[in-house]
Amino acid sequence: MASRSSVVTIAIGFGAGSFTSGSTVSVTAVGGVATFNNFALTTAGIHTLSASAGLLVGATSSSFTVYPGAADHFAISPISSPQTAGVALAIAAITAQDAYNNTATSFGAP
């Protein structure tokens, strides 16, 4: 019996966001196993992954949590205009964010 290979593609089943640039989301299965080793999600939150290949019935992973990365930059909420000299500015928030604009919840933590 001849061996057979098939391309398996992985996608985000549930959860917002995308894979990082350069992530490999399609690989050739060998001996019935497709091994993915270099993809990462850009959005923190709860996700599932789905796998598909041709006419085979797809599969969905159990849910898992992606945490934000380390603080990379700040985002400042909009400041209304005009402001008055000598009066404190009304700034709602300055938020530490990771490289993918997720709130870096570990920033400033003890």
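Quick note: the coordinates plus some simple rules give every number you see, no bench work behind them. As the structure is a computational prediction, the values presented were derived from the model and not from experiment. Please note: Cβ atoms are built from the backbone with ideal geometry, for glycine as well, and neighbour counts cover all protein chains shown.
Annotation note: Cβ proximity below 8 Å between a residue of the stretch 91-108 that is free of Cβ contacts under 8 Å to residues at least 24 places away in the same chain and a residue that is of a type in the set (Ser, Thr, Tyr) (sequence gap 6+ or interchain) occurs for 91/77; 92/77; 93/77; 94/77; 95/77; 95/103. Of the residues making up the stretch 16-36, those that are farther than 16 Å from residue 102 by Cα and touching a residue at least 12 places away in the same chain (Cβ under 8 Å) are 22, 23, 24, 25, 26, 27, 28, 29, 30, 31, 34, 36.
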